[in-house]
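The values are calculated or read from the model by the stated rules, or taken from the named source; none is laboratory data. Being a predicted model, the structure only gives us computed values, none of them experimental. Virtual Cβ from ideal backbone geometry, glycine too; neighbours counted across all protein chains shown.
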């Protein structure tokens with residue numbers, strides 16, 4: 001039986017979602033400005049945030065929350081404006097950022113749960 005979700009856990013998930021949205025917005029600006037280094041930095045930011053959320057909350061939801069915020073922010077920034085302005089160019093780096101960020105967030109969110117420290121041995125007869 002799963003433990004009930006408390007206000008602290010919901011607040012943590014919301015905080016991770018906001019941090020994911022900020023990482024997505026910052027990564028959108030950085031990945032095009034400094035092409036190879038900026039793209040790597042932006043993908044490492046969402047990977048670290050998703051994996052850190054997984055470790056901090058010890059649930060897959062903690063790893064998924066930053067990814068949701070990241071995807072929402074990036075998808076909102078990909079829409080073109082009526083004036084014709086857009087943030088993403090149609091280059092390899094933009095597609096690598098969009099697809100790579102989604103893949104990294106999904107990989108970090110679906111990692112196996114972190115083992116509990118100090119648990120008894122699973123071997124019988126010890």
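Is it the case that some residue within region 72-86 is within 14 Å of the chain's Cα centre (by Cα) and closer than 18 Å to residue 111 by Cβ?
Scanning region 72-86 turns up no residue that is within 14 Å of the chain's Cα centre (by Cα) and closer than 18 Å to residue 111 by Cβ.
Of all residues being within 10 Å of residue 67 (Cβ to Cβ) and touching a residue at least 40 places away in the same chain (Cβ under 8 Å) in region 93-106, which is surrounded by the fewest Cβ atoms within 10 Å (Cβ to Cβ)? Just the residue, please.
Step by step, filter region 93-106, then rank; the result is 104.
For region 51-85, give me each residue that is assigned to a loop (DSSP other than H, G, I, E, B) and surrounded by 19 or more Cβ atoms within 10 Å (Cβ to Cβ). Steps first, answer last, please.
Taking region 51-85 as the starting set, the residues that turn out to be assigned to a loop (DSSP other than H, G, I, E, B) are 58-59, 79-85.
Once the filter is applied, which keeps residues that are assigned to a loop (DSSP other than H, G, I, E, B) and surrounded by 19 or more Cβ atoms within 10 Å (Cβ to Cβ), region 51-85 yields only 59.
With modelled with pLDDT under 85, assigned to a helix (DSSP H, G or I) and surrounded by 13 or more Cβ atoms within 10 Å (Cβ to Cβ) as the only criterion, which of 32, 48 stands out? Full working, then the answer.
Details: 48 fails: modelled with pLDDT under 85.
Of 32, 48, the one residue that is modelled with pLDDT under 85, assigned to a helix (DSSP H, G or I) and surrounded by 13 or more Cβ atoms within 10 Å (Cβ to Cβ) is 32.
Restricting attention to region 64-91, report how many residues are touching a helix residue (DSSP H, G or I) at 6+ places or on another chain (Cβ under 9 Å), modelled with pLDDT of 75 or more and farther than 24 Å from residue 49 by Cα.
1
In this structure, does residue 110 turn out to be surrounded by 14 or more Cβ atoms within 10 Å (Cβ to Cβ) and over 20 Å from residue 30 (Cα atoms)? Can you show your working first?
On the way: surrounded by 14 or more Cβ atoms within 10 Å (Cβ to Cβ): no; over 20 Å from residue 30 (Cα atoms): yes.
Spelling it out, it is not the case that residue 110 is surrounded by 14 or more Cβ atoms within 10 Å (Cβ to Cβ) and over 20 Å from residue 30 (Cα atoms).
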